[in-house]
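Asker: Structure below; questions to follow.
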Amino acid sequence: MVAQELLGKFLVRKYRGKIYEAMITETEAYRGFDDKACHASHGKTERNKVMFSKGGTAYVYLIYGMYHCLNIVTEKEGFPAAVLIRGLDYKNSDGPGKLCRAFKITKENSNGLDLCGNTLWLEDRGVKVEYKKLKRIGIDYAKECANWLWRFKI
């Protein structure tokens with residue numbers, strides 16, 4: 001539900017005196033221990049511990065040793081679930097790694113941030129959107145979970 005509701009909302013980032021802002025155009029949901037694609041499917045680790053935080057926390061991790069990915073934790077504290085922000089309506093932001101690079105989001109400066117703060121936050125500007133439900137990307141290892149229509153795109 002949150003992954004769908006984030007479409008059309010604006011991600012805003014304040015970094016070194018500059019404001020970056022763009023509409024969220026693509027998301028992907030990951031939830032709990034039964035979702036084999038979820039980082040937390042095998043329990044809590046040093047890498048995924050932020051995913052067990054309260055909803056509204058930024059979970060940022062590194063993939064392939066070079067790309068950061070921004071997720072928004074969505075459940076109550078103790079239950080791992082997050083929405084990956086896959087795309088923004090902003091130049092060079094048509095992928096999770098690209099949008100983190102464009103918005104200066106890294107694990108070091110954003111992992112664990114409360115999205116109700118003044119560094120990284122979301123805004124509802126009243127934009128209504130239509131979207132498609134799609135299979136998640138790059139999770140073939142997740143067996144039947146790879147077929148879940150938990151990716152949403154405007």
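Asker: Under the classification rounded if a/c is under 1.5, otherwise prolate if a/b is larger than b/c and oblate if not, where does the stretch 99-146 fall, given a ≥ b ≥ c as square roots of the Cα gyration tensor eigenvalues?
Answerer: Oblate is the answer for the stretch 99-146, as a/c is 1.5 or above yet b/c matches or exceeds a/b.
Asker: Take peptides 135-147, 83-95 and line them up by average Cβ neighbours within 10 Å, highest first, as a rough protection proxy.
Answerer: Per-residue Cβ counts within 10 Å, averaged per peptide and sorted highest first, yield 83-95, 135-147.
Asker: Using a Förster distance of 35 Å, how high is the FRET efficiency between HIS42 and ASN109, based on the Cβ-Cβ distance and rounded to 0.05?
Answerer: 0.80
Asker: Taking Cα pairs under 8 Å and at least six residues apart, what relative contact order does the stretch 1-41 come out at, in percent?
Answerer: Here the relative contact order equals 31 percent.
Asker: Hey, what number do you get for the chain at 222 nm if only DSSP H runs of n ≥ 4 count, each worth -39500 (n - 2.57), divided across all residues, to the nearest 500?
Answerer: -2000 deg cm²/dmol
Asker: Is the shape of the stretch 38-94 rounded, prolate or oblate, going by the alpha carbon gyration tensor and its root eigenvalues a ≥ b ≥ c, with a/c under 1.5 for rounded and a/b larger than b/c for prolate?
Answerer: oblate
Asker: Quick one: net charge around LEU122, please, counting Lys, Arg +1 and Asp, Glu -1 for every other residue with C-beta under 12 Å from its C-beta.
Answerer: Residues close to LEU122 contribute a combined charge of -2.
Asker: I would also like to ask the following. I need the semi-axes of the equivalent ellipsoid of the chain: take the C-alpha gyration tensor, multiply each eigenvalue by 5, square-root it, list largest first in whole angstrom.
Answerer: Square roots of five times the eigenvalues give 22, 18, 15 Å.
Asker: Using a/c under 1.5 as the rounded threshold, could you call the stretch 10-61 rounded, prolate or oblate? The axes a ≥ b ≥ c are square roots of the C-alpha gyration tensor eigenvalues, and prolate needs a/b larger than b/c, oblate otherwise.
Answerer: In terms of gyration-tensor shape, prolate.
Asker: Pairs of alpha-carbon atoms within less than 8 angstrom and 6+ residues apart define the contacts here; what relative contact order does the chain have, in percent?
Answerer: After rounding, I find 28 percent.
Asker: Modelling each spin label as a point 7 Å along the Cα-to-Cβ direction, I'd like the ILE63/VAL129 distance in nm, to one decimal.
Answerer: Here the answer is 1.8 nm between the modelled labels.
Asker: Compute the length gained on full extension between CYS116 and ASN92: take 0.36 nm times their separation in residues and subtract their Cα-Cα distance, giving the result in nm to one decimal.
Answerer: 6.1 nm
Asker: Here's another thing I want to ask about it. Quick one: net charge of LYS14's neighbours, Cβ under 11 Å, K/R +1, D/E -1?
Answerer: The answer is +3.
Asker: Another question about this same structure. List the lysines whose Cα lies under 24 Å from the Cα of LYS133, skipping any in the same chain that are fewer than 8 positions away.
Answerer: LYS133 reaches LYS9, LYS36, LYS91, LYS98, LYS143, LYS153.
Asker: Let me ask something else about it. Modelling each spin label as a point 7 Å along the Cα-to-Cβ direction, I'd like the GLN4/PHE79 distance in nm, to one decimal.
Answerer: Distance between the two pseudo-spin positions: 1.8 nm.
Just so you know, all these numbers are worked out from the coordinates, no wet-lab data involved. All values derive from a computational prediction rather than experimental measurement. In this analysis, Cβ positions are derived from the backbone assuming ideal geometry, glycine residues included, and neighbour counts consider all displayed protein chains.
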